[in-house]
Amino acid sequence: MSSNQKDENETSGVSEEKIEEEEQVDEEGLLINGYDVVICGTGLTQSILAAALARVGKKILHCDSNDFYGDLDAVLGLDSIDDWINNVQTRNGSTEDTQESDCYVEGEDLILEPSESYSSLRIDSVSDSILTIELGINMKVITTYGFGTIVELSSSKDIESENINITIQLDHWKMADGKSPLVYFKGKSNYESEIIPFDKYVYEEHVQRKKRSFALDLSPALLYANGEAVDGLINSGVSEYCEFKSIIGLHLFMKNQSSKLKSKGPSVSSLSKVPCSKRDVFQTKLLSPMDKRRLMKFLQTASDYAVAKSTKEFHSVKTKGDNKDDPDLDNEEVVTSLNERQLQQGRSLYRPQNKSVATTDLEDLQTCINENMSFESYLKSKHSLSDHMMKIVIHAMAMGACNDKQSSYTVKEGMDDLCKHLQALGRYGGTAFLATLYGSGELSQAFCRSAAVHGGTYLLRRGANSIKFDSTGNLSTVKLSGYEYDESFSFPEKELKTKNVVLPAQMLKSKENTSNALRLHRRICVIRGKLVKNESSDLFSETEQRNIIIVPPGDDIIGNKNVIHGLVLDESMNVAPTPFGGVSFSILYLSMLQEDSKDDSGTSTLAEASTILCGEDCSEICHIAFSHLVDNAIESYHSYPEGVHLSISRGMSFTVDSSFVEARRIFDSICPNENFLKLSSAMDELIKERKISEEEDEEVRMLKSAMEMANI
């Protein structure tokens, strides 16, 4: 019995027989009298919301048409990816000729999309060409004589010719003169039987045989070390279900400015570590000495803003000598307060103890915020940052402006995003981010587990088809789809009473107004080798792969119009098998937003990025590329009847904090007087009673067992 029912029954004097009647269930174990909330889809936002509602005693039904938890926030094994691809392609094929879903019309039932996943979801590319890979210069191969590298090859046009000539340098042994021996092959029939591309061998002998050792996130995500996500995990106790490690480094794929100054020639884009501390700023190779001083000055202003904003003192310095919020608090006291708070935090990018806060800079910042200035204009006009530095601040530090329209990225948005980063630095490790072991999809499963522990009901393979309203326009029932397990075991469609229903926004999406829509492209790559090297050694020794990679827009080599977010993880995060036989693996995730179009430019751009980032030391063994429209591009959201709540996904955001913010918003609309992700007093008492009862039952079992042993 839920805590809400218990309180209501006690106050109204309802009999125990009535309580039992209210809690009756049907043949599937579903409550006959319905639920307080029906939640559709087990994505991260819905899973967080389910746990929060269950913890305050709400009767919830959490349903999903998939047979796994997480939907597009799920983590799947490499052996399950094929099934997921087939399901998406089958669904798309069956819905091509169906009528588009319309906006809500008052007085009519609301017909939903057939799946919680995006109706616009499509599979763009799947690697199956690794088994028919073509030979090329510098390719690693396996021959009957051992491992080697192709150093000479007839034109690729002659690859099918019997006259092809191939020269291979054997890598694993040398002759008496210290040179590596060369092996010559001639003729197609000869090389096909005696030469195997090394990556083909790795795919067949390692990847295919260890599919279950890979854990691939459909939408990988991180946590700010002191953001909404960490607070929610701690408050709910869900942190006990998961394990985390800190991200090692944040890297930018850009031209090296310092090397360009020294050589006075064109510089080549490469991975460089983004400065996350004062020492990093002065050691980075991304900036010239003058740029470093300007960047450091700006970061000190940003840190002042972060502290003032978090302590609600920012408005007190917005106008010199005019403090409307607190007339007794003058500027000198504010400055002292800011410095003290910074010293207590111990952040590495904060100003020295004996250096005062520049209130003029904060006043200028407040003015720019009030004028709704773009972040790019603010950085250029107020801090004289070059285009190169602005890319570092906007795309790597603030991680904003994911599309090419930077003019719409305001200074308030940019500073707020930057402050989240700065305030999370140094709390756990050297960066601001945490990653979940076994994939970020574990978060959805953990919150679902918490909801189930507190009385939530879960129903997989059964999604919602439609929402019905009564004659007065109020929410009445939700119709669940049927499901057939086999010829003798099936469930028909079923209507359930409910007071609230939570839907992913895409289930109500109309496809009429998507001319300016943005499509989110993702690419998941299984990489042989270590992609990010250790910069502290001239030998570039291999290191654990827990790194973020940012490719700013307009890179000359990759040719991307929009920023590309990348994340590379390895066996240290339990998402790839441990190295065996000298072969190690990493998982590379790439994502990019661009305007929706019928061409495959987004897919080809990410493919080029994967090739460039891997370089000569690594190679992509296999991949999957897919894309879908983002929620914030949908223009057909209108007001819906009370009780219908839409959940907006986080889009391209690197972190899950926005999912917690969205879950809190919906929770407050359903339970305005309850604490988010905290146990209500009634639920706390109920759990204590259950615990005492379980302990008593355990004592009874132990006594019975002892008596039985004594009788023997």
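Before moving on, here are some points about what is shown:
- Residues that are surrounded by fewer than 19 Cβ atoms within 10 Å (Cβ to Cβ) and either assigned by TED's automatic domain parsing to the domain that holds residue 392 or farther than 18 Å from residue 531 by Cβ (or both), drawn from region 548-573: 554, 556, 559, 561
- Lone unmet requirement of (1) more than 24 Å from the chain's Cα centre (by Cα); (2) modelled with pLDDT under 90 for residue 401: (1)
- Of the numbered criteria (1) modelled with pLDDT of 80 or more; (2) of a type in the set (A, V, I, L, M, F, W, C); (3) farther than 30 Å from residue 620 by Cβ, the one residue 508 fails is (1).
- Being at pLDDT 90 or above and either out of contact with any strand residue (DSSP E or B) (no Cβ under 6 Å at 6 or more places or on another chain) or closer than 30 Å to residue 75 by Cα (or both) is a property that residue 450 has.
Residues checked against (1) modelled with pLDDT of 50 or more; (2) acidic (Asp, Glu):
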residue	(1), (2)
353	no, no
364	yes, yes
378	yes, no
382	yes, no
391	yes, no
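- Taken over region 177-236, the criterion of being crowded, with 19+ Cβ neighbours inside 10 Å, of a type in the set (D, E, K, R) and either assigned by TED's automatic domain parsing to the domain that holds residue 164 or modelled with pLDDT of 90 or more (or both) is satisfied by 199, 217.
- Being among the acidic types (Asp, Glu), without any contact (Cβ under 8 Å) to a residue 60 or more places away in the chain and assigned to a loop (DSSP other than H, G, I, E, B) holds for only one residue in 617, 599, and it is 599.
- Odd one out for residue 18, checked against (1) modelled with pLDDT of 85 or more; (2) of a type in the set (D, E, K, R); (3) assigned to a helix (DSSP H, G or I): (1)
- Yes/no for residue 692 being buried (at least 18 other Cβ atoms within 10 Å of the Cβ) and either over 20 Å from the mean Cα position of the chain (by Cα) or at pLDDT 90 or above (or both): no
- Index of the failed condition, residue 392 passing every other in (1) under 20 Å from the mean Cα position of the chain (by Cα); (2) in the same structural domain as residue 306 (by TED's automatic domain parsing); (3) crowded, with 20+ Cβ neighbours inside 10 Å: (1)
- Single residue of 347, 341 found to be modelled with pLDDT under 55, buried (at least 20 other Cβ atoms within 10 Å of the Cβ) and under 34 Å from the mean Cα position of the chain (by Cα): 347
The values are calculated or read from the model by the stated rules, or taken from the named source; none is laboratory data. Treat the numbers as computed from the prediction; the structure is a model and nothing was measured. Positions of Cβ are generated from backbone atoms using ideal geometry, with glycine treated the same way; all protein chains shown enter the neighbour counts.
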